Amino acid sequence: MPLLEIRRHTERSDKGDNQSALSPAGRAMAEALAKRAPKFALVLSSPLPRAKETAQLIAGRLDAIDPGLLPEMGGVIGDRIFGEMRTLTDWQSVLREREDARAFAAEQLKTWAQIASRIGDKDRALAVSHGGIIELPALALAERIGARLEGRAFGYGEGVLVTFASGVPTKIEALRV
């Protein structure tokens, strides 16, 4: 059963610059995650520098950039700003309220399944993405399979581990730092 580990990048040096690299604290966190990381058969990231650098530090390499890990969210969060999305319950309310959020989550889940299909049954992939891009599909998947995800929104280096069987996600669990 392939495993897909989807993590949010670690802290970047300049939050006002979308192209900034990791901060010293972000590099230290990624290096700490690397010390307990399993072997990955595939390592992917979004195109942004902070995601690429996080993946390289955690896994020791980056196999490819996957633009699907940085989809356009458009109006999904409406007039809300990311800073207001402090808990998974906040993100869940967006899924309940907005059809575009549900459509976004469904599309992102297709990307996750596509990544999982690229590895063997006993392999694990690492995908480094961004906040919101992880929460919405993770919560949609959890609801679909009857799992619970609770607590604060995913912080730097956090995310989910998804287990697949025959190309279908069967289990999801939070990865906290």
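When I65 is tested against (1) crowded, with 20+ Cβ neighbours inside 10 Å; (2) modelled with pLDDT of 95 or more, just one condition goes unmet, and that condition is (1).
Under the condition of being within 16 Å of the chain's Cα centre (by Cα), free of Cβ contacts under 8 Å to residues at least 24 places away in the same chain and in a loop (DSSP other than H, G, I, E, B), the residues counted in the range 25-64 number 2. Only one of the numbered conditions (1) surrounded by 14 or more Cβ atoms within 10 Å (Cβ to Cβ); (2) of a type in the set (A, V, I, L, M, F, W, C); (3) in contact with an Asp or Glu (Cβ under 7 Å, 6 or more places away or on another chain) is not met by I58, and that is (3). Residues of the range 136-173 that are in a strand (DSSP E or B) and surrounded by 18 or more Cβ atoms within 10 Å (Cβ to Cβ): G159, V160, V162, F164, P169, I172.
Quick check on my filter: what residues within the range 107-143 are among the β-branched types (V, I, T) and under 17 Å from A153 (Cα atoms)?
Passing the criteria: V128, I133, I134.
Close Cβ contacts (under 7 Å, 6 or more residues apart or on different chains) running from residues in the range 137-165 that are of a type in the set (K, R) to residues that are modelled with pLDDT of 95 or more and buried (at least 19 other Cβ atoms within 10 Å of the Cβ) comprise R148/A142.
The values are calculated or read from the model by the stated rules, or taken from the named source; none is laboratory data. None of the values given here were measured: they were computed from a predicted structure. Methodologically, a virtual Cβ is constructed for each residue, glycine included, from the backbone with ideal geometry; neighbour enumeration extends over all protein chains shown.
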